[in-house]
1. Using the basic label-point model (7 angstrom from Cα toward the beta carbon), what is the Ile605 to Val229 distance in nanometres?
2. Per-residue ellipticity at 222 nm for the chain, helices alone: DSSP H runs ≥ 4 residues times -39500 (n - 2.57), over residue total, nearest 500 deg cm²/dmol?
3. Can you give me the distance in nm between label points at Arg240 and Glu354, each placed 7 Å from the Cα along the Cα-to-Cβ direction?
4. Tell me which residues come under 5 Å, amide H to amide H, from Asn626 once H is placed; ignore anything under 5 positions away on its chain.
5. Assuming R0 = 22 Å, can you tell me the calculated FRET efficiency for the pair Gln205 and Gln418, based on Cβ-Cβ distance, to the nearest 0.05?
6. Working from Cα positions, state the angle (0 to 90°, nearest 10) between the long axis of helix 400-414 and the longest principal axis of the chain.
7. Could you order Thr556, Thr384 so the one with the most accessible surface comes first? Probe is 1.4 Å.
8. Under the Kirkwood approximation for Rh and a Cα-based Rg, what ratio Rg/Rh is obtained for the chain?
Amino acid sequence: MESRYNAAEIEQKWQQQWQESGIDKTLQQSDQPKFYALSMFPYPSGDLHMGHVRNYVITDVIARLKRMQGYRVLHPMGWDAFGLPAENAAIDRSIPPAEWTFKNIAQMRAQLKQLGLSIDWNKEIATCSPDYYKWTQWLFLQFLDAGLAYQKEAAVNWDPIDQTVLANEQVDSEGRSWRSGAIVERKLLTQWFFKITAYAEQLLQDLDQLTGWPERVKTMQANWIGKSVGAYLEFAIVNRDDKIAVFTTRPDTVYGVTYVVLAPEHPLTPEVTTPEHQEAVSAFIEEIKGESEIERTAEDKPKRGILTGGKAINPFNGEEVPILIADYVLYEYGTGAVMGVPAHDVRDFKFATEKGLAIKTVIVPQDTDVGAIGQSPLADAAYTEPGTIVNSGQFDGMSSVEGKAKIIEYAEQQGYGQARIQYRLRDWLISRQRYWGCPVPVIHCDDCGTVPVPDRDLPVELPESVELSGRGGSPLAQLDSWINVDCPCCGKPAKRETDTMDTFIDSSWYFLRYSDANNTETAFAQNKVNDWMPVDQYVGGIEHAILHLLYSRFFTKVLRDRGLLNFDEPFKRLLTQGMVQGLTYKNPQTNKYIPAADVNRDRPIDPETGDKLEVFFEKMSKSKYNGVAPEDVIAAYGVDTARMFAMFKAPPEKDLEWDDADVEGQFRFLNRVWTLVTSFDPAKVIEQSPELTKAEKDLRRAIHTAIKEITEDLTGDYQFNTAVSELMKLSNALKDTQCKTSPVYQEGIETLVLLLAPFAPHITEELWRFLGHTESVHHQQWREVDQSALVVDEITVVVQIMGKTRGTIQVPAGCDRAALEKYAAESDIAQHYLEGKEVKKVIVVPNKLVNFVVAK
């Protein structure tokens, strides 16, 4: 074997042999326990970055470990390939999105294969392939059949110049279209929705099942679902038969309502607006028309509103209160209306104070003199804590907690409203007026209505002869030859749906398809999906903590209820890995980022202006010139070094700060392992004597300590960084031992290679074969701890004189205090330092030290 570690040669050799032998093919034997290891699949941008490397190496280490522990492992990969970036790239380059996408997939697949990932590429999927989106469409029809897919009008971002719908990311911070520069408007269009709200309570309650998820992710999901327990109340409109419905979590404050606010787009807004307010109301609606939901509800933005002239009647006290419209009330949220209780809500208090609206106190602290309460607010702020109800008729004197229940009960008796649970979660708008997405498989017929495309006609394929310009309506809506079809029910002329689906649909079930990726008869066979699912370990970024994970959970529950699978949750354990950060240079005067290659690290100044630069770590990004290309690292050090660094630098859930020196450190470590193993000659190992020497016992203890610690680090909360540290300790123990011809040393060398294998698969495969083995190291059994090897025969005890350490001695393990004192007193150390001195006291700390106190 070559004496020098040649990473490039070894890695190319073994990647080719693994591919030819099919070593990573998924095994189906049911007599083995299963383990499903999955990384969130990437969007095929064409370039692999270090964040990808970290994500996929984490999952690969887990997959390789589980194979060695006797599991049959499913470790697949695919591509989240539909979406706006491909469509935009196609427009810019005047090429079909499919051509651009599949070229990127080929490029990224080759890059991923360079990483030595144990992926079963026979399971590869691409969401933009008809053989995948056929089943996405079939699943859509399952939702439609279950009454969970429907159409209604909803507001979209509308570019009035290009006459097209824009995604939120196509609207800049000033509310302008990214392409035309026009001020974006909000426009109502008929859109498709999935009724995720029907599963809100299940999605919330089942978070308790997810014991393997980070608590912060579960909290984020719970907050997004946003369960509120309260009351639905109705306020009659003066001189009209209509009523304004509101939801409140504070029915105990209903006697303090001094105004009601409608969303500007609420259907009742024009009905309640009086003639003298018409012009002002219309101007206000026009003013906020182009604002996004985020802009309208931002906490730090002043709340704007205007009187409509209409009045509502508080059913509880008969008082007439003004009706306003305001930007912070959205028609899509709740009932599209809120009751204003400024004395007991911070936002309402500020709004009422600015608008000169009445403020009426109805809750006071429990120790307040109720008889002294008037109609003015307490101090100069809203009181939002529990207390005693006042100014509320028959409910005066009750605690606010008791009053909530009593007021709801009274409302139900009088017909004013009822108890209700409401969720912040809204139904999922899945329509996109774009080309590069999965077509919605329905046909619109004047006689039959909305008709599902029959299963036999799936997939509804995207047409190739379509013009993409980024202007006008949906590109599909402009292609008559594709739109015009016969109705499957009556045979009369009809039209296809021209919307495509949100790409989150594609990623909400891809993990199910991997279980049976090549099935042409159905989305997945039940026996296979029920065998492999749920995913045992899911790895991905925290940015997907809400939508992707929530939608995937929703899909799973719907398909369970459709009888297509038999489990409740898709992902048992979730690891959200931190970002990879690069050293970043920024000019604080110009706010421009400076490429690292142009900066002297010892004296960081702007090469153009001479300004002193800010130096910090930030997420790697092309725009910040702080990225490190994986191919450059691989070319310089090899894949195994890149993998080791990604695992060693930081715990997986923490951000990783890229440092070339640390990469060099891992390269040197692998070189040390190479030298250690290749310098070992099995032929020189002598026969084991019946009794192990002290050196052999110490080495065997180091070997099995490494097995124990690394196994624990790779179980539960993964601590890859400390596992790599344990590998280094074992390497050092092998280097320093004096028993290099012992069978124990051979055990240590082989154990080091085996324990290193999941992290650095190429070098360990080469070294394993060097040691004389013919089977792959990745097919070997993970080492078990021999507990007897961990037992310590002797321990080291410190000898102190007057609290100062003078040396150490070896004593039998388990000595009592008297024996420890005797060993210490008889030691050469004590004899030397205590000669001629009177010992007044001896302090013994079991298993640690003996301190002699002498007379002065």
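1. Using points 7 Å along Cα→Cβ, the separation is 6.6 nm.
2. Working: 26 runs with 292 residues, N = 856.
For the chain, the value works out to -10500 deg cm²/dmol.
3. 2.5 nm
4. Ser621
5. On the way: r = 22 Å, r/R0 = 1.02.
So the FRET efficiency works out to roughly 0.45.
6. Tilt of helix 400-414: around 40 degrees.
7. So the residues, ranked largest to smallest area, are Thr384, Thr556.
8. On the way: Rg = 34.9 Å, Rh = 32.7 Å.
Dividing the radius of gyration by the Kirkwood radius yields 1.07.
The values are calculated or read from the model by the stated rules, or taken from the named source; none is laboratory data. Just so it is clear, the model here is predicted, and its values are computed rather than measured. FYI the Cβ positions are ideal-geometry reconstructions off the backbone, even for glycines, and counts take in every protein chain you see. Accessible surface is based on the protein model in full, side chains and every heavy atom, while ligands, DNA and RNA are left aside. Shrake-Rupley method; radii C 1.70, N 1.55, O 1.52, S 1.80 Å.
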